[in-house]
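Some notes on the structure that comes next.
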Amino acid sequence: MDPVISVVIPFLDEEGTLEELHARLVEVLDAHGEPFEILFVDDGSRDGGPERVRELAAAHPHVGLIRFRRNFGKSAALDAGFKVARGRYIFTMDADLQDDPKELPRLLAELVENDLDVVSGWKEKRHDPLTKTAPSKLFNATVRALTGLKIHDFNCGLKVYRREAVEGLDLYGELHRYIPVLVHGRGFRVGELPVTHHARKWGQSKYGVERMARGLFDLMTVILLTRYRRRPLHLFGWAGLLLSTAGVLCLAYLTVLWFLGLGPIGTRPLFFLGILLLMLGVQLVSTGLLGEMINSTRSVAPSYTVRSQLLPGEATPRPEPTQRAEAS
């Protein structure tokens, strides 16, 4: 029997938490009553974590293990888990015991009762040091402002998805932080629910300044993919038009000064600034035009998703079929 629920858990050097996490999950999921599977994804651990999961898999047929040859990052780990998960509902959570398995039924109830496609956990009362919480608040505020998706906590690893919401995602870099933005951009409905958050008792946080910088670059990628993938000229064209206009105004002002005989203009800094702005503007517009040409000559994934379809002669609508990656 195929599982109804899949739980995807990336881990890196979390040997001390895996058995306890599994036991807590089994207690909650057994009580829920639906068939389930738990997929652990080893992101290049150097401790005994993978061996602990192998032991769990030998004793429990609902446990699976995906191992990477080296550390590829959380986005890659989630991508690998999504591609083999068989459940109708897919949960993600961290392996450090800061996410509480008891929240899974609440998240699923929120998803089903409100007809949502994604429910993201919100660590409203967070048990982390200020060095993590302060940058996280700034990050979340920035993402909300730039993407228009009004949820409080993009960083929370505890989420539940309908399977169709994550099919077709191609996660890399730090894109796991922006999964709600990516699926929202494809037309899926995203909600949020406050969840319990525990202090870390084992291992070390993988959070750092370098990850913040990578996350900022990937935020730019997300905005490009969700807003301007099919219309790159709207992004580069507007920026180019503004710069070109500023450059033309600078040069026009200097031209008026030259005609009025108010001195030479060729050595003024404003002259070189005007030329630079004009050249940058033309380059940006050209980049947008090249993007439009590339889009017109290649096959691009549809910019929409179909929730259901009712064909002539059918009594009830049926879900739109989607392509799925097969488990190896």
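Structural remarks
- So R46, is it modelled with pLDDT under 95, within 15 Å of I9 (Cα to Cα) and open to solvent by 20 Å² or more (accessible area, probe 1.4 Å): no
- Residues of the range 257-276 that are closer than 25 Å to G240 by Cα and assigned to a helix (DSSP H, G or I): P269, L270, F271, F272, L273, G274, I275, L276.
- Residue list for the range 215-256, restricted to those being part of a helix (DSSP H, G or I), closer than 25 Å to G187 by Cβ and hydroxyl-bearing (S, T, Y): T221, T226
- Listing of helices (runs of 4 or more DSSP H) fully contained in the range 94-186 that carry 1 or more residues being in contact with a strand residue (DSSP E or B) (Cβ under 8 Å, 6 or more places away or on another chain) and in contact (Cβ under 8 Å) with a residue 40 or more places away in the chain: 104-113, 163-166, 179-185
- Against the test of being in a helix (DSSP H, G or I), in contact (Cβ under 8 Å) with a residue 12 or more places away in the chain, open to solvent by 30 Å² or more (accessible area, probe 1.4 Å) and acidic (D, E), the options E34, E15, E19 yield a single qualifying residue, E19.
- Qualifying residue in the range 60-72 (condition: aromatic (F, W, Y), at pLDDT below 95 and not in a helix (DSSP H, G or I)): yes
- Selection within the range 49-64 - of a type outside the set (G, A, S) and surrounded by fewer than 17 Cβ atoms within 10 Å (Cβ to Cβ): E51, R54, E55, H60, P61
- Selection from the range 156-170 of residues that are at pLDDT below 90 and open to solvent by less than 30 Å² (accessible area, probe 1.4 Å): L169
- Selection of the range 212-229 for residues being closer than 16 Å to G73 by Cβ and either open to solvent by less than 50 Å² (accessible area, probe 1.4 Å) or modelled with pLDDT under 60 (or both) yields A213, G215, D218, L219, T221, V222.
- Looking across the range 86-133 at every residue that is polar (S, T, N, Q) and at pLDDT below 95, the one that is most open to solvent (accessible area, probe 1.4 Å) is identified as T131.
- The one condition in (1) under 27 Å from R86 (Cα atoms); (2) in contact with a helix residue (DSSP H, G or I) (Cβ under 9 Å, 6 or more places away or on another chain) that G168 fails to fulfil: (2)
- Residue list for the range 65-79, filter: open to solvent by 20 Å² or more (accessible area, probe 1.4 Å) and either more than 22 Å from the chain's Cα centre (by Cα) or of a type in the set (G, A, S) (or both): L65, R69, A76
- Candidate set from the range 136-155 (those that are within 14 Å of the chain's Cα centre (by Cα) and not aliphatic (A, V, I, L, M)); member that is surrounded by the fewest Cβ atoms within 10 Å (Cβ to Cβ): R144
- Flag for V190 being surrounded by 13 or more Cβ atoms within 10 Å (Cβ to Cβ), of a type in the set (V, I, T) and at pLDDT 85 or above: yes
The values are calculated or read from the model by the stated rules, or taken from the named source; none is laboratory data. As the structure is a prediction and not an experimental result, all values here were calculated from the model. A quick note on method: Cβ atoms are made from the backbone with ideal geometry, for glycine too, and the neighbour counts reach across all protein chains shown. These area figures cover heavy atoms from the full protein model, side chains too; ligands, DNA and RNA do not enter into them. Shrake-Rupley method; radii C 1.70, N 1.55, O 1.52, S 1.80 Å.
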